[in-house]
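A short write-up of the structure that comes next.
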Amino acid sequence: MKKYLVLIGLLLGLFVAVLSNLYFLGQELKSFYLIVVKEETSRVKSVIEGTIAGGGDPVEALSSYMENSKFLKGATFKLEGREVIVPGSDISKDYYSESLKVSPFYFTLYFDFSYVKEFNRHLTYTVVTLLFFSLLFTLITVLLVREYFREKLLFEKEKQEREKLESINLVIHSLIHEVKNRLNVLRLLVYRLKNTLDKVYLDKLQGEIDKLGKYVEETANLRKPITISKSTVSTKDLINEAVSKFEELLENKEIILEITVEDKKLRVDYEKMVSVLIDLLKNAIEALGKKENKKIKIVGREEKNFFTILVMDSGGTLDSKNLFKPFYSTKEKGFGLGLYNAKRIVEAHGGQIEAFTEKGWTVFKISLPSS
């Protein structure tokens, strides 16, 4: 904010400086007019006085002088209470007038500075135009520089994240093959032991194997860019598909679910977006834990060029700002890949995902392009 205030101050300073220069330029031109008028009036007075002293006709002399003058365009004189126009005069109300008394005559001289004023007007327009384009150029330059540094920072951030992932991949890559082999062995053992051991323990063992298998798959996918296959789907179908996976669990945990979703057709990868919503719903259910007020809201609405999906739970807390970073989890048995993969999937669609708390609700907000 301070940077913008400094920039605004500089632009205002430049604007005031230009206006001040225009004002002083106008004053200088006005002074120039007055000097020219005084000098021209002094010359006319000398001509008239010399003509009268020589016994000539001062009116005729003044008329001859006007023919050769660049500024004096007209004159009148008072005679016996009447105002008489000097022959050859061009008098306009826009001309500057100056009085001159040479006994027994009283003259009024008319000076034309219109071309100088026109020049002054054009100069003013030119300076104002230059100022406008200077400010416009400055503003565009600032915006371009800002965009450049924003993209540079974004590039650096992405680069650091890629480097971090590459370093992590170096460690986990050597483990993936061996773990997959062990999983296959464990699955084979479970299959053979199902007829001889307690089914409850076998199911638990099968569940742990499935979790480990999912972790291996998700970890392996970190090395690959997200690929999406878009199709036109209904927003209500997306929500209902994800919610259907938790209907029994919601009922058992006595969690109230409210869904308010506008029906909108979106171009998304159906399976991947459903997996994102499943992860968010799973997190919301787990966040409520043993809380007394157990509510989850799902809201879907169009906002400008985006369709936003809000998954809200009444837990009202966020444990960390690192929610979307890989391998970070606030759960004891969490792998820390669910929200990170959700972020990758949403961003691959050209959207954004964010988390915040608002009025006692924990909110995960997905924004997807609606066109």
Every pair of residues 6+ apart whose Cβ atoms lie under 7 Å, when the first sits in the stretch 354-371 and is on the phi > 0 side of the Ramachandran plot and part of a strand (DSSP E or B) while the second is surrounded by 13 or more Cβ atoms within 10 Å (Cβ to Cβ) and not hydrophobic (A, V, I, L, M, F, W, C) | none
Just for the stretch 340-351: of the residues that are open to solvent by 20 Å² or more (accessible area, probe 1.4 Å) and not basic (Lys, Arg), which one is modelled with the lowest pLDDT?
-> ASN341
Would you pick out the residues in the stretch 52-70 that are over 19 Å from SER89 (Cα atoms) and not in a loop (DSSP other than H, G, I, E, B)?
-> ILE52, ALA53
So, of the residues in the stretch 304-320 that are modelled with pLDDT under 85 and in contact with a strand residue (DSSP E or B) (Cβ under 9 Å, 6 or more places away or on another chain), which turns out to be surrounded by the most Cβ atoms within 10 Å (Cβ to Cβ)?
-> GLY315
Would you be able to say whether some residue in the stretch 261-283 is in contact with a strand residue (DSSP E or B) (Cβ under 8 Å, 6 or more places away or on another chain), at pLDDT below 90 and open to solvent by less than 70 Å² (accessible area, probe 1.4 Å)?
-> yes
The lone condition ILE239 fails out of (1) open to solvent by less than 50 Å² (accessible area, probe 1.4 Å); (2) under 14 Å from LEU281 (Cα atoms); (3) modelled with pLDDT under 90 is (3)
Filter pass, THR108 being surrounded by 14 or more Cβ atoms within 10 Å (Cβ to Cβ) and either within 16 Å of LYS38 (Cβ to Cβ) or acidic (Asp, Glu) (or both) | yes
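Looking at the structure I just gave you, is GLU258 touching an Asp or Glu at 6+ places or on another chain (Cβ under 9 Å), under 20 Å from PHE307 (Cβ atoms) and loosely packed, with under 15 Cβ neighbours inside 10 Å? Full working, then the answer.
On the way: touching an Asp or Glu at 6+ places or on another chain (Cβ under 9 Å): no; under 20 Å from PHE307 (Cβ atoms): yes; loosely packed, with under 15 Cβ neighbours inside 10 Å: yes.
It is false that GLU258 is touching an Asp or Glu at 6+ places or on another chain (Cβ under 9 Å), under 20 Å from PHE307 (Cβ atoms) and loosely packed, with under 15 Cβ neighbours inside 10 Å.
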Does SER114 meet the test of being modelled with pLDDT under 80, open to solvent by less than 70 Å² (accessible area, probe 1.4 Å) and closer than 30 Å to GLU49 by Cβ?
-> yes
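The rows are residues; the columns are (1) closer than 23 Å to ALA17 by Cβ; (2) touching a residue at least 12 places away in the same chain (Cβ under 8 Å).
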| residue | (1), (2) |
| --- | --- |
| THR126 | yes, no |
| LEU130 | yes, no |
| LEU136 | yes, no |
| VAL142 | yes, yes |
| GLU147 | no, no |
| GLU151 | no, no |
| LYS157 | no, no |
| ARG162 | no, no |
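The values are calculated or read from the model by the stated rules, or taken from the named source; none is laboratory data. Owing to the predicted nature of the structure, the values given are computational and were not obtained by experimental measurement. With ideal geometry, Cβ positions are generated from the backbone for all residues, glycine too; neighbour counts draw on all protein chains shown. The accessibility values were calculated without ligands, DNA or RNA, using every heavy atom of the protein model including side chains. Shrake-Rupley method; radii C 1.70, N 1.55, O 1.52, S 1.80 Å.
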